[in-house]
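K.L.:
One structure, pasted below without further comment.
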Amino acid sequence: MKMSLKKGLFLGLLIGVVAALLYAPKTGKELREELKGKVEAVPNKFFDFLESLIDLTMSVLDFAKAAFKEQSYRFSRAFESGVNAAKEKSDELKKYASEVSQN
């Protein structure tokens, strides 16, 4: 007699459940209370995780803000230097042009 796959899986599952119940180190009541305690702890752990995530996010934002400020300062200094260099070159070219036009 050939057994179908579904029947074989069901029979194996049933045997596994019975074996687990017979060899379980705790009673059903103890196991349920332990599971209940773990399930009740999940929201607290979740909110602790969220709080840690928010703290981490705030730290990252503070770091990004400081880095942005530093880069803005560096950019403005570089821009100023560029403007000054352009003015100097412009003055040199004007001086050169006036010397050439006088000769």
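One line per residue, one yes/no per condition, for (1) loosely packed, with under 10 Cβ neighbours inside 10 Å; (2) assigned to a loop (DSSP other than H, G, I, E, B); (3) small (Gly, Ala, Ser); (4) in contact with a Leu (Cβ under 8 Å, 6 or more places away or on another chain):
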{"site": "LEU13", "(1), (2), (3), (4)": "no, no, no, no"}
{"site": "GLY16", "(1), (2), (3), (4)": "no, no, yes, no"}
{"site": "ARG32", "(1), (2), (3), (4)": "no, no, no, no"}
{"site": "PRO43", "(1), (2), (3), (4)": "yes, no, no, no"}
{"site": "PHE49", "(1), (2), (3), (4)": "no, no, no, no"}
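K.L.:
When you look at GLU88, is it loosely packed, with under 10 Cβ neighbours inside 10 Å and not small (Gly, Ala, Ser), yes or no?
P.N.:
no
Where a number appears in this text, it was derived from the coordinates with a stated rule and is not lab data. Here the structure is a predicted model, which means the values were calculated and not measured. Note that each Cβ is placed from the backbone with ideal geometry, even for glycine, and that neighbours are counted across all protein chains shown.
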